[in-house]
Amino acid sequence: MNDHEQELKRRAHDLDVTVWVGKSGVDAVVDELNDQLANENLVKVKFLRAARAGSSTEEKAADLAERVNGRLIDTRGHTAVIHR
């Protein structure tokens with residue numbers, strides 16, 4: 001992990017979750033996440049229990065990051081940090 005990623009992880013620590021993925025899955029939040037990433041280059045996403053069926057938080061977060069042309073910086077528990 002490079003210094004830039006370390007810095008992003010430090011900044012992400014103080015962020016509040018602003019996108020929640022629920023039973024509608026990642027499709028339902030792509031537009032919202034795109035909008036937020038246009039304003040803030042770092043967004044914290046929480047995967048609720050209903051969204052986690054079938055695959056891991058890491059898999060879902062990586063899929064979501066890819067859909068918004070972002071980069072998955074970190075996952076902790078059921079929360080992910082996406083950067084663009």
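The values are calculated or read from the model by the stated rules, or taken from the named source; none is laboratory data. The model shown is predicted, which means the values in this text are computed figures rather than measured ones. Note that each Cβ is placed from the backbone with ideal geometry, even for glycine, and that neighbours are counted across all protein chains shown. These area figures cover heavy atoms from the full protein model, side chains too; ligands, DNA and RNA do not enter into them. Shrake-Rupley method; radii C 1.70, N 1.55, O 1.52, S 1.80 Å.
Tell me, how many Å apart are the Cα centres for region 2-32 and for region 53-83?
8
Please report the antiparallel percentage of the DSSP beta bridges confined to the chain, to the nearest 5. Walk me through the numbers on the way to the answer.
Values: 10 of 14 bridges.
Here the share of antiparallel DSSP bridges comes out near 70 percent.
Tell me the relative contact order for region 45-84 as a rounded percent, counting alpha carbon contacts under 8 Å between residues six or more apart. Mind showing how you got there, number by number?
Values: 47 pairs, mean separation 17.2, N = 40.
Contact order relative to length: 43 percent.
Please work out the average accessible area per residue across the chain, using the 1.4 Å probe convention, and give it in Å². Write out the running numbers ahead of the final one.
On the way: 5140 Å² over 84 residues.
Accessible surface, normalised per residue, equals 61 Å².
Out of these labelled values of Kirkwood radius over Cα pairs in Å, [x] 12.5; [y] 13.5; [z] 14.2, which was calculated from the coordinates shown here?
[x]
Which whole-number percent is the relative contact order of the chain (Cα, under 8 Å, 6+ apart)?
On the way: 121 pairs, mean separation 25.7, N = 84.
Once divided by the residue count of the chain, the mean separation gives 31 percent.
Near Val30, within a Cβ-to-Cβ distance under 15 Å, what is the net charge of the other residues, with Lys and Arg +1 and Asp and Glu -1? Please list the in-between numbers first.
Working: positive: Lys60, Arg67, Arg84; negative: Asp27, Asp31, Glu32, Asp35, Asp63, Glu66.
Residues close to Val30 contribute a combined charge of -3.
Once neighbouring chains are kept in place and the probe is 1.4 Å, which whole percent of the accessible area of the chain is contributed by carbon and sulfur?
On the way: 2220 of 5140 Å².
Summing carbon and sulfur atoms, their accessible area is 43 percent of the total for the chain.
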